[in-house]
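Notes follow the structure.
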């Protein structure tokens, strides 16, 4: 990968990486650090990374850093993204889902984000997270069930 | 086979889009048999997160990079090159100095080789009668008797060579050819009749010329520069010699040693 390819990655992937890091760490400041560090690692290893695999490489680095950051700070509260940034017509559902996402562990949350935000397959997620495909399948199933149960419980309260 | 015990797993995989077409058909068939579970499938579809495209990373410009300019490292081992250049310079200076010294010591040697223009030794003003009139047998005996002196060697050479010697004698007195007089030759003939034995030579008041050993001069003193520059060159030479000794000493000290550098989890071992 040359400098030109790297700059293309910055322009095309930094937003998606920032969104992923925001949801994974729960903090825009931490997400900023994760994005900076991830691209720094990519720049340092650009000679070893093919341009076509740069996205998976970036998310792999960001996933590890997000999980490490979350575990290190042992966050309990979940920082909400500003209200005006929502684009879906149903902000209520999005907020409920964000809260439900915050209930997940850092690893399950990252798996859901990689699946829903980036559309990676189980196999690709397994490569990024260094898990087996079966583990990814089980963790995601548990996460979906937890999100579904949270959604049902909120609907009952409302 | 989808059952009431594992249908949620299939519903989650359906929400993730990971089911094969035949698995989707099996799930739909299961829901036809259990229509009260259709709402649960809708919930799984609902809990899929949608990315917020309004959230963007505002500091992209800080991430952009440019390929660093490649530095072409010339003369990376400039110390070696400079040392070699200094040594070469000293050798050249030394060679020039030696050449100048030789020119100063023997200025007439080359012109003396010209046989046609040089005057024969017999015509040197004030010289005794010619040695060429001496009997060859006597000359051989004379040569044997004085073979250790430069005078006799010059006598035994041919005329052309003697001419050069005569010219050189004017500039190098210690090599001057002593004239051999007829009277001395006559005494030699009388004292040593032709008996086959080497004649005994007895020359009165003949003293071998003393050959003074040439004074050895340093090449530095012979340089055509003033004393201050000579002192400077001597200092440079001393510094180079000292540096060379220090490097040799250092190289000897680091032999049979190893240096270990640990960088994170990796070790770099340098052995000398």
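What follows draws every value from the coordinates through simple rules; no lab data is involved. Keep in mind that what you see is a predicted model, and the values were worked out from it rather than measured. Positions of Cβ are generated from backbone atoms using ideal geometry, with glycine treated the same way; all protein chains shown enter the neighbour counts.
Points to keep in mind about this one:
- Listed by Cβ neighbour count within 10 Å, with the fewest neighbours leading, B:41, A:131, B:89, B:228 appear as B:228, B:89, A:131, B:41.
- Projected label points at residue A:33 and residue B:265, each 7 Å from Cα along the beta carbon direction, are separated by 2.3 nanometres.
- Per-pair calculated FRET efficiency, R0 = 25 Å: residue B:62 and residue A:68 via Cβ, rounded to 0.05: 0.65
- Sorted fewest first by neighbouring Cβ atoms within 10 angstrom, B:1, A:1 come out as B:1, A:1.
- Global form of segment B:7-46, assessed from the alpha-carbon gyration tensor, a/c cut-off 1.5: oblate
- Peptide A:135-148 shows a mean partner chain C-beta count of 5 within 10 Å per residue C-beta.
- Inter-centroid distance (Cα atoms) of segment B:1-75 relative to segment A:95-158, Å: 9
- With 0.36 nm allotted per residue and the present C-alpha distance subtracted, the residue B:25-residue B:38 stretch has 3.3 nm of extension available.
- Taking 0.36 nm per residue of sequence separation and removing the Cα-Cα distance, the residue B:9/residue B:84 pair yields an extension gain of 19.1 nm.
- Burial ranking of peptide ranges A:3-9, A:60-66, B:21-27 (average Cβ count within 10 Å, highest at the top): A:60-66, A:3-9, B:21-27
- Prolate/oblate/rounded call for segment A:88-158, Cα gyration tensor, a/c under 1.5 rounded: prolate
- Segment A:33-70 residues near the modelled residue A:5 label - backbone nitrogen below 20 Å, point 7 Å along Cα→Cβ: A:38-62
- Stokes-Einstein, applied to the Kirkwood radius of segment A:1-78 over Cα pairs at a viscosity of 1.306 mPa s and 10 °C, places its translational diffusion at 127 µm² s⁻¹.
- Ranked by how many other Cβ atoms sit within 10 Å of their own Cβ, fewest first, the residues A:49, A:112, B:236 fall in the order B:236, A:49, A:112.
- Test item: B:37-48 mean partner chain Cβ contacts at 10 Å: 4
- Spin-label pair residue B:98/residue B:244, simplified geometry with 7 Å Cα→Cβ offset, distance in nm: 1.5
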